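Q: I'd like to ask you about the structure that follows.
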């Protein structure tokens, strides 16, 4: 006897805006105004509460695609981060931006493709805003509002570099080197210019630029550090990143040089490895999460607010 075939169970019907309107005894337009916080509507607080309670009781959630079609754009912000070396700062920036967007009923989509998303994909997503991380480092309409100002200065890389060099100056160092990786980097020249500008404003001597081998050639790294320690008046090294700082410290250890006695070393970005290195690395911590939250608000056309505390600080450990 053949088995009895049962029709598939019907899917539960999706709760609609009309269901919420019926339950709250209001029009569908009122439901839309309340749930979307539409400005300029004279709706009493009691009615707003009744609509929200009905929506929660029925389990109603607006259909994202339908809302995107109505608004002409989705509640997605697209962030492109191609060719950028990340680390703790980038992770914190993305996390802060994503968290702030969630509180504003939006989502963050990140692409690391060199060419960004295909045009067809962008048209399908219809993002509320499209941003490139490089825009925050170069002159762009996004840069000023996202970075903001603190203590009368634009809170960008130049500000954080001044934080880094000021710490060395306060320790009495006047002859400073700036170490950066020898491989191509999109903002290397910009960082060098910031270091030289900070040194001038602090009354320090000319900065010696050290392009450090960061690959497998430990001999080249040791030779560069040995020349710095033995053939120059340099007493401290500010570095492009914590990774470069650890490269300097590794070469110093092989040469039996000690930090800070022979050379003081300060990193940039406060990565995890620097916290557990021996000696523990002094570094600059940037409130990248705060910048991410500001970027989220600027992307939605909202006021990012003012910095209440400095967006960067020195984490003092054993190497300075």
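Q: Can you compute the FRET efficiency between residue 230 and residue 310 using 1/(1 + (r/R0)^6), with r the Cβ-Cβ distance and R0 = 51 Å? Round to the nearest 0.05.
A: 0.90
Q: Compute the normalised compactness of region 156-305: alpha-carbon radius of gyration over 2.2 N^0.38 Å, N being the residue count.
A: 1.10
Q: With labels modelled as points extended 7 Å from the Cα through the Cβ direction, what inter-label distance (nm, one decimal) is found for residue 28 paired with residue 135?
A: 3.5 nm
Q: How long, wide and thick is the chain, going by the Cα atoms along their three principal axes, in whole angstroms, largest first?
A: 86, 66, 35
Q: I need the calculated FRET efficiency for the pair residue 276 and residue 105, taking r as the beta carbon distance and R₀ as 41 Å, to the nearest 0.05.
A: After rounding, the FRET efficiency stands at 0.55.
Q: I've got another one for you. Report, in whole Å, the centroid distance computed from the Cα atoms of region 288-316 and region 201-270.
A: Cα centroid of region 288-316 versus Cα centroid of region 201-270: 31 Å apart.
Q: Rounded to the nearest 0.05, what FRET efficiency do residue 113 and residue 43 have when you use their Cβ-Cβ distance and R0 = 35 Å?
A: After rounding to 0.05, the efficiency reads 0.20.
Q: Taking region 257-320 as the region of interest, what is the percent of Cα-Cα pairs per 10 angstrom bin, listed from the shortest bin to the one with the maximum distance?
A: 21, 36, 22, 15, 6, 0
Q: Then there's this: Relative contact order for the chain: what percent, with Cα pairs under 8 Å and sequence separation of 6 or more?
A: Here the relative contact order equals 18 percent.
Q: Considering the chain as a Gaussian network with a 10 Å cut-off on Cα pairs, which listed residue, 220, 155, 288, attains the greatest mean-square fluctuation?
A: Top of the fluctuation ranking is 220.
Q: Can you compute the modelled spin-label distance between residue 193 and residue 154, with each label point 7 Å from Cα toward Cβ, in nm?
A: Between residue 193 and residue 154, the simple spin-label model gives 1.0 nm.
Q: Using Stokes-Einstein with the Kirkwood hydrodynamic radius over Cα pairs, what translational diffusion coefficient do you get for region 17-62 at 4 °C and a viscosity of 1.567 mPa s, in µm²/s rounded to a whole number?
A: 127 µm²/s
Q: How big is the antiparallel share of DSSP beta bridges in the chain, given as a percent to the nearest 5?
A: 20 percent
FYI, it's all coordinate maths here, none of it is from the lab. Every value quoted in this text rests on a predicted model; they were computed, and no experiment measured them. FYI the Cβ positions are ideal-geometry reconstructions off the backbone, even for glycines, and counts take in every protein chain you see.
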